[in-house]
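Single-structure report; data block below.
Quick note: the coordinates plus some simple rules give every number you see, no bench work behind them. Since the structure is predicted, the reported quantities are computational estimates derived from the model, not experimental observations. Because the Cβ atoms are built from the backbone with ideal geometry, glycine has one as well, and the counts that use them run over all protein chains shown.
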Amino acid sequence: MKFIDLFCGLGGFRLAFEKYGKCVFSSDIDKSVSKVYFKNFHEDPLNDITIHDEKLIPKFDILCAGFPCQAFSIAGHRKGFKDTRGTLFFDIERILRHHRPKAFILENVKGLKSHDQGRTLDIILNKLSKKINGKENKNKFKDCLDYNVFYKVLNSRDFGLPQNRERIFIVGFRKSNINFSFDHTPVNVSLNNYLNKDINKSLKIKSNVESQISLHLNKRKDYKKIKNLKNLLAYEVRKSRCSFRFDNLSPTLTAKMGTGGNNVPILVQQKRKLSVRECMRLQGFPDSYIIDQKSESYKQVGNSVPVPIVKFLAKKIIEKV
């Protein structure tokens, strides 16, 4: 089975699908993440897919694409198709139209579902599908790709990752008679299993950040109840606000982590932020994966796809095609 890895980032899709076949093409415009991808897969994905001729892409069976989500994200400006990153979906459409692969899998933020009152997702689905979640699509475009499409929002916390991360997955098949289900038995694990025992001193938070956390923590009515929790996590720490997570789950890791130390989740009792490796584990990457210990690495992992979810979907897709 041959697949392509568009907007590949760190290669989460590739890790999941390599068990079933060969990646014949990968693409990402980011120079920094392309270097990390090369270290792990010995392939340089650096190219601009918006100007890459689809005819030059080798034949493939499955298209994988975690297309840029900032245009649809609450964390971004939510401009959707008015944002050039949002229009990258149409490059996916262009490639699908030319190659007509057996299947595809797309991933984006949960906000895509509600963006512009649902109209943005409707445009995407109506471009892709003849059938949606098993039902005939009456609103399809005349030039739609006629795929049998299924979509659902999944949370990484149900797939053995202690991270609250909701993402929409869109799966499509060229065959019209396929039934596909996202049903999955939840697997829950403890955050403790993902944390390092030996802590690098560089991860320790500054005294002013510690003070800000204490200030916001003292304002909570449940302060006495949660202050001694071993895995109490603080994030988005500012003078004006601070959020906490005390359910043994990490908050959603985001690309904003690469823009400042305070955006990285902080273990309050340990007075330190999560390491890059710990964040990689929370996305399902193995410790054998080679990473750069830089602030840019936090951004890269925040942009990545939860590998266990893709592994689950990859197995189900392969069974169908």
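Structure summary
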{"read-out": "Kirkwood-type radius of segment 197-274, with distances r between different C-alpha atoms, in Å", "value": "12.7"}
{"read-out": "Helical mean residue ellipticity (222 nm; -39500 (n - 2.57) per DSSP H run of 4+; nearest 500) of the chain", "value": "-7500 deg cm²/dmol"}
{"read-out": "16 Å cut-off, amide nitrogen to a point 7 angstrom out along Lys19 Cα→Cβ, residues in segment 137-176", "value": "159-161"}
{"read-out": "Extended-chain gain in nm, criterion 0.36 nm per residue less alpha-carbon gap, Lys224 and Ile290", "value": "19.7 nm"}
{"read-out": "Fewest-first sequence of Cys64, Cys279 by Cβ atoms within 10 Å of each Cβ", "value": "Cys279, Cys64"}
{"read-out": "Folded to 0 to 90 degrees: helix 31-41 orientation relative to the chain principal axis, Cα", "value": "80"}
{"read-out": "Förster-model FRET efficiency, 22 Å R0, Asn177 and Glu319, C-beta, rounded to 0.05", "value": "0.95"}
{"read-out": "Cα-centred dipole magnitude for segment 197-274, charges only on beta-carbon of K, R (+1) and D, E (-1), debye, nearest 20", "value": "240"}
{"read-out": "Peptides ranked, highest mean first, by Cβ atoms within 10 Å: ranges 270-277, 204-211, 219-226, 28-35", "value": "270-277, 28-35, 204-211, 219-226"}
{"read-out": "All lysines inside 17 Å of Lys311 as judged from Cα atoms, apart from same-chain residues fewer than 8 positions distant", "value": "Lys2, Lys19, Lys22, Lys152, Lys320"}
{"read-out": "Residue-span extension gain [Asn126 to Asn188] - 0.36 nm each, minus C-alpha spacing", "value": "18.8 nm"}
{"read-out": "FRET efficiency for Ile199 and Thr87, using Cβ-Cβ distance with R0 set to 30 Å, rounded to 0.05", "value": "0.10"}
{"read-out": "The chain: angle of helix 119-128 to the longest principal axis, Cα-based, in degrees nearest 10", "value": "40"}
{"read-out": "Rounded, prolate or oblate (a/c below 1.5 giving rounded, otherwise prolate when a/b exceeds b/c) for segment 19-63 by Cα gyration tensor", "value": "oblate"}
{"read-out": "Label-point gap, in nm, between Glu43 and Phe141 - each point 7 angstrom along Cα→Cβ", "value": "2.8"}
{"read-out": "Cα-based helix-to-principal-axis angle, 89-99 vs the chain, degrees rounded to 10", "value": "40"}
{"read-out": "P(r) weight above 34 Å for the chain, C-alpha pairs, percent", "value": "25"}
{"read-out": "Only Lys, Arg (+1) and Asp, Glu (-1) charged, at Cβ; the chain dipole about Cα centre in debye", "value": "1080"}
